[in-house]
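The values are calculated or read from the model by the stated rules, or taken from the named source; none is laboratory data. All figures in this text were calculated on a predicted structure; none of them were measured in a lab. Cβ placement follows ideal geometry from the backbone for every residue including glycine, while neighbour counts extend to all protein chains displayed. For accessibility, only protein heavy atoms count, side chains too; no ligands or nucleic acids. Shrake-Rupley method; radii C 1.70, N 1.55, O 1.52, S 1.80 Å.
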Amino acid sequence: MHFLIQSQSSFICFLCLFKECSKKTKTDDQENASADAPSPAQENGEASRKGEFHKLADAKIFLSDCLACDSCVTAEEGVQVSQQNAKDFFRVLNLNKKCDASQHKVLAVSVCPQSLPYFAAKFSLSVTDASRRLCGFLKSLGVHYVFDMTIAADFSILESQKEFVRRYRQHREEEPRLPMLTSACPGWVRYAERVLGHPITPHLCTAKSPQQIMGSLVKDYFARRQNLSPDKIFHVIVAPCYDKKLEALREDVPTALHSSRGADCVLTSGEIVQLMEQSDLSADDALVDTLFGDVKEEEVRRHEGASSDGYLAHIFRHAAKELFNEDVGALTYRSLRNKDFQEVTLERDGEVLLRFAAAYGFRNIQNVVLKLKRGKFPYHFVEVLACAGGCLSGRGQAQAEDGRADRALLRQMEGIYAAIPVRPPETSAHVQELYQEWLGGGDSPRAQAALHTAYQGPGQSASSRDIKW
C-alpha cells in the first residue's frame, strides 16, 4: 500500500490501486462520506481513475489488515513494520538479561497523556493510580525509566503559539502565512505531505509533534545527563493510535541533535493492556520518572483539550493576549457541520479579531482542504486531527472487538480525561529550565533545530526508513 489515513472508524488506502488486494472488502457506515468533499482524484482532475477511487474509498481497510497483507509490501518495508510491535520490545528486554553487557540498552518508555484514561478505564482506577500501575508493570518487565510525555507537548504548544503570532504579524494577501494548520497529528501530516502537497504544506505549523520532541529529550538531553550514547537507549512510545508507529519510522525526525532515531518502537495502549492481562508477574505500583534525575512525577496533569493536547485553546488565549491584549477566560465552542468541526472567535465591537477552528476526522479535513484551495477559508488557525473525536478515539485503544469504536468506553475515557487537572505549558518551571539548560534559550539555533521541522511534498522522495503504504 502507498498511504493510509485514519478516518472516523478505520483506515482508507487512498493511493493503492491493487485490484487483487483481498483486504478491500470491508465496508463501513456511509456517514463518513461527505457529499461536498471531493476525492483527491476529483480535485486533481483524474477522471479516468474516479470510479476506482470511489471503490477504494468505500472499502475501509483496517491497519491491522494491511500489516497482515504481503501483497504490496516489500521485504525491506516488512522488516521496518515488524520493528513496531511488542516482539522488538521483548527482544531488547531479553538482551539485557544476557551476560554480554555490550549488547545491553537502557529501556525508556514515554506514555502519551491520552493513553492514561484508557488504562484508568480498563482497570477501574484513578488516572494517577493507573499511571503508577502502568509504571510498576513496565519496571517489573525490566524497563528502567517511564516518562510522561506532557512535557514534550508543553514544548510543542509553546513553539506553536510563538509561530502563530509571528505568522499573523507577517501575513499579507500577496504572501499568505495564514491559516496555520497544526502538525501534531502524524496521520494528518502524512496525508498533507504525500497527497496534498503545495499549497497546503506551507500552512503546516513547523513545530515538531510531542512524539518527535520527546525523542530529542530522551536521546539528547536525558542521554547526556546519564552519560549515555543515544544508541544505548531504546526508547518506546505508548500511544493511542497506529499513526504514531508510522511517525517513528521517519528517518528525518529528530536527527538535528543526534544520529539515533527518537523513537525506536511504538506500542499502542491496547497492545500494552494485552501484555498486562496476559502477564503473571506481580508488580508494585511505582511513581513515574522525570528527565531530571531522582525527581518523580507526583500527579498527572494535562492540557486543555477535551480529547487531545488542546492546541486550539492554548494558542487562542496566547494570541488574544499577545496580539490584542485581551485576556480570555473559558472558551465558547460553536459546533458547525458536526460535533467534530467547531469554531471559536474573538470579537471586539462587532469585529472578529480571531477565528479558530477544530477539524477532527477525515470528512472535516477534506472540507477544510477544499475551502482552503478555493481561497474561501475564513479561519486564522485550525487544529487538525485525523481521528474523529480526537486523540482519545485513536484506534489503538478505543475499538470494540468488532473493530468499531467502543462508544461506551470512549464516554468513560472522556470523563476521566476531563477530570485531570489542567496545567498551562507556560507555568512549567521544568520547561523554562530546559529552554536555557538544554537549548541555550528559546530563540537559539539549537532550539530551532530541536523543536522545528520541514515538510516534503508528494513529488519528493521519502526517507529510506519511511513506509510507502
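Tell me, which helices (runs of 4 or more DSSP H) lie completely within region 147-216 with 1 or more residues that are of a type in the set (D, E) and touching a residue at least 12 places away in the same chain (Cβ under 8 Å)?
In region 147-216, 150-170 are the helices (runs of 4 or more DSSP H) which contain 1 or more residues that are of a type in the set (D, E) and touching a residue at least 12 places away in the same chain (Cβ under 8 Å).
Given (1) of a type outside the set (D, E, K, R); (2) touching a Cys at 6+ places or on another chain (Cβ under 9 Å); (3) farther than 22 Å from A450 by Cα; (4) assigned to a helix (DSSP H, G or I), where does A286 come up short, assuming only one miss?
(4)
Sort through V384, V369 and tell me the only one that's assigned by the TED database to the domain that holds L312 and modelled with pLDDT of 95 or more.
V384
Only residues that are more than 14 Å from A419 (Cα to Cα) and either in contact with a Lys or Arg (Cβ under 9 Å, 6 or more places away or on another chain) or buried (at least 22 other Cβ atoms within 10 Å of the Cβ) (or both): list them for region 117-129, please.
F119, F123
One line per residue, one yes/no per condition, for (1) of a type in the set (G, A, S); (2) touching a Cys at 6+ places or on another chain (Cβ under 6 Å); (3) open to solvent by less than 20 Å² (accessible area, probe 1.4 Å); (4) assigned to a strand (DSSP E or B):
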| residue | (1), (2), (3), (4) |
| --- | --- |
| T332 | no, no, no, no |
| K339 | no, no, no, no |
| I365 | no, no, yes, no |
| K371 | no, no, no, no |
| Y379 | no, no, no, no |
| G403 | yes, no, yes, no |
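Would you check which residues across region 341-363 are open to solvent by 50 Å² or more (accessible area, probe 1.4 Å) and out of contact with any Leu (no Cβ under 9 Å at 6 or more places or on another chain) and list them?
R348, D349, G350, E351, R363
With respect to the numbered conditions (1) under 26 Å from R363 (Cβ atoms); (2) in contact with a Phe, Trp or Tyr (Cβ under 8 Å, 6 or more places away or on another chain); (3) open to solvent by 10 Å² or more (accessible area, probe 1.4 Å), which one is the sole condition not fulfilled by Y191?
(3)
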